[in-house]
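The values are calculated or read from the model by the stated rules, or taken from the named source; none is laboratory data. Quantities reported herein were computed from a predicted structural model and do not represent experimental measurements. Because the Cβ atoms are built from the backbone with ideal geometry, glycine has one as well, and the counts that use them run over all protein chains shown. For accessibility, only protein heavy atoms count, side chains too; no ligands or nucleic acids. Shrake-Rupley method; radii C 1.70, N 1.55, O 1.52, S 1.80 Å.
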Amino acid sequence: MATLQTHHVGVVVSDLDEAVSFYQDTLGLSIADEFTLGDDGIATAINVEGVTGDFVHLDAGSARVELIEYDPAGDDITTDAINQRGAKHIGFAVDDIDAFYENLPDNVEPISSPQPIEIGTSILFFRDPDGNFVEVVEA
């Protein structure tokens, strides 16, 4: 069997420029690659006839965050709470969660302040512009 490594986490967004700005400004990620796919290969792979996708890969250390804006766009699927089936989140690690929290931009509304958890670390959740959950853990 092939050995697997995490390559990327994909997040579908409604406005690619806005999402890229958010992940760059809030999390300090940098653009690793940008491309558009619109051939039969992508349409067949995701089973959406005639689809085009604009992609931006952001460098997140050992993996990439892949932001995708599709045309045609699919239906919105949002979750109100992280414990709902189908809810997802992207997790990032920082050395000092309190410093990270204090430096969040004013337009980012955390779900709570950093919270200590029983495994001996602290976590913080907020949402990106499309409502996707983002977690930061002190590691």
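Scanning segment 79-106 for residues that are open to solvent by 100 Å² or more (accessible area, probe 1.4 Å) and in contact (Cβ under 8 Å) with a residue 40 or more places away in the chain returns LYS88, ASP95. Selection of segment 107-138 for residues being open to solvent by 60 Å² or more (accessible area, probe 1.4 Å) and more than 19 Å from the chain's Cα centre (by Cα) yields GLN115, PRO116, ILE117, GLU118, ILE119, GLY120. Pairing each residue of segment 28-45 that is without any contact (Cβ under 8 Å) to a residue 12 or more places away in the chain with any residue that is surrounded by fewer than 13 Cβ atoms within 10 Å (Cβ to Cβ), provided the two are 6+ apart or on different chains, yields C-beta distances under 6 Å for ALA43/GLU49.
Please determine whether any residue of segment 16-24 is of a type outside the set (A, V, I, L, M) and touching a strand residue (DSSP E or B) at 6+ places or on another chain (Cβ under 6 Å). Yes - at least one qualifying residue is present in segment 16-24. Taking the criterion of being among the β-branched types (Val, Ile, Thr) and more than 26 Å from ILE77 (Cβ to Cβ), the residues of segment 104-139 that qualify are ILE117, ILE119, THR121.
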